[in-house]
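First the structure, in the form of structure tokens, and then the observations on it.
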Amino acid sequence: MPTAPAPSIAAPVVHKGDTATAVIESLNHDGQGVARIDGKAVFIDGGLPGETVRFRYHNKHKTYDTGRVLEVVQASPDRVVPRCPHFGVCGGCSLQYLRPEAQLAAKQQILSDALQRIGKVEPQTWLPPLGGPAWGYRRRARLGVRHVPKKGGVLVGFREKRSAFITPLASCAVLDPAISAILPALRELIAALSCATQLPQVEVAVGEQARALVFRHMAPLTAADVAALRAFGADHDLQIYAQPNRPEPTYALWPERPEPLYYTLPEFDIRMEFSPSDFIQVNAALNRAIVSTAVRLLDPQPTDTVLDLFCGLGNFSLPLARRAGRVLGVETDPPLLAKARQAAVDNRIDNIEFLSANLFDEQAPLPWGDTRIDKWLLDPPRSGALELLNRLDDATAPRRILYISCNPATLARDSQVLVQLKGYRLASAGVADMFPQTSHVEALALFERP
């Protein structure tokens, strides 16, 4: 008589709020620990690779669950005490409990996993990871402002983790130290303004010689408000700007004619001026390192024509022009293009041209036409550059493409197109820690075509 099969044992049913113990295998792109329980992925806030943790289930989904660490049963040797008292509530940082050197290694692993899992590609060589200052590095930030009487009035800070609420900050360990030091005074200033309930944000911009604050206000400023803002700027050595409700332009309050903010790229003898609302990379040291690495990898020669796509203010275009025969920068935003052109004039660079184009429109003509392009530098937004890459053919494909990405997932997707459809090889790739203490991954990938 045949033996009856043993009855299958179903995995225990768990619910939101239940607790369990797990071993963390890795970090995901949001900085959460990844564990597997009965074959199902669980993303756990507060867990580090190699740790055994007890956690509480937060949410359940069909293919994965989420949770939060209650207790670290066996800690990673890379675990450290977070420096900031707001860590765990403030959403500005997610990895302060991980040693900075280990953060860099974890980010390289995140990039590697994305390239293999999404792009089905692997670099022939891994670039040395680019690191820099772990604290006090942020020269650009947007501080949220809310008037919440139940929490003591005006709150100034970053949003709470996975929430629209504002964390009231007394200091910030990753902000420029001079800006961090004035946060309590900034809160008092805003609380005294007539429009305190209609002032949603303050933007921070730090140059090498000055610091600026831009106050976004949805109601008109009174004469007393203007006087208070100007006095604050004078007392704290800050440039103060007002940004009224659109379409009115941003304007300076203190001083009335402020000197332009700027940063420099000494290796290339470049000075870049910018306004407080312009996009610049938040980490000055890492920006210099990435620009230097980009120029080295692209290796522009006096006979090369180089295309800088999504060029912005010309952060890469101008240094490339110091080495290449000719550079074409392409950007969508007219004000940024105007500033890039002025930067070329200010830096006495005459082998560069800036062109306007929507690089996401697959039907629009490419502004460089039939110009022979030897090398590309590609620095797209988080959505990547799929529409542009789809247009590459044998006649237009450059010999070398350096892709700089702020999103490993879209870089991996685009890498698959370049390698499997467009005939490139992924020669090298690596990460740069533009945002220490966060899970943000900045990556560089060099593609070459025979």
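The values are calculated or read from the model by the stated rules, or taken from the named source; none is laboratory data. Just so we're clear, the structure is a prediction, and the values are computed from it rather than from any experiment. A quick note on method: Cβ atoms are made from the backbone with ideal geometry, for glycine too, and the neighbour counts reach across all protein chains shown.
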Exercise. Restrict the check to region 55-68 and report whether at least one residue is surrounded by 14 or more Cβ atoms within 10 Å (Cβ to Cβ), under 26 Å from the mean Cα position of the chain (by Cα) and assigned to a loop (DSSP other than H, G, I, E, B).
Key: no
Self-check item: Unmet requirement for residue 382, which otherwise passes all of (1) under 27 Å from the mean Cα position of the chain (by Cα); (2) buried (at least 17 other Cβ atoms within 10 Å of the Cβ)
Solution: (2)
Quiz item: What is the one condition in (1) touching a residue at least 24 places away in the same chain (Cβ under 8 Å); (2) not assigned by TED's automatic domain parsing to the domain that holds residue 223 that residue 253 does not satisfy?
Solution: (2)
Quiz item: Filtering region 319-338 down to residues that are part of a helix (DSSP H, G or I) and more than 22 Å from the chain's Cα centre (by Cα), which residue is surrounded by the fewest Cβ atoms within 10 Å (Cβ to Cβ)?
Solution: 334
Exercise. Report, ordered by the first and then the second residue, all pairs with beta carbons closer than 6 Å, sequence separation of six or more or different chains, a first member in region 411-432 that is farther than 13 Å from residue 448 by Cα, and a second member that is surrounded by fewer than 24 Cβ atoms within 10 Å (Cβ to Cβ) and acidic (Asp, Glu).
Key: 432/442
Quiz item: Which residues, taken from region 126-146, are crowded, with 16+ Cβ neighbours inside 10 Å and part of a strand (DSSP E or B)?
Solution: 130, 138, 140, 141, 143, 144, 145, 146
Practice problem: Among the candidates 370, 350, 308, single out the residue that is under 22 Å from residue 394 (Cα atoms), outside any helix (DSSP H, G or I), of a type outside the set (Ser, Thr, Tyr) and without any contact (Cβ under 8 Å) to a residue 60 or more places away in the chain. | Solution: 370
Exercise. Please state which of the following conditions residue 154 fails to meet, knowing it meets all the rest: (1) assigned to a loop (DSSP other than H, G, I, E, B); (2) surrounded by 20 or more Cβ atoms within 10 Å (Cβ to Cβ).
Key: (1)
Quiz item: Given the conditions (1) loosely packed, with under 15 Cβ neighbours inside 10 Å; (2) in the same structural domain as residue 423 (by TED's automatic domain parsing), and given that residue 164 satisfies all but one, which numbered condition is not satisfied?
Solution: (2)
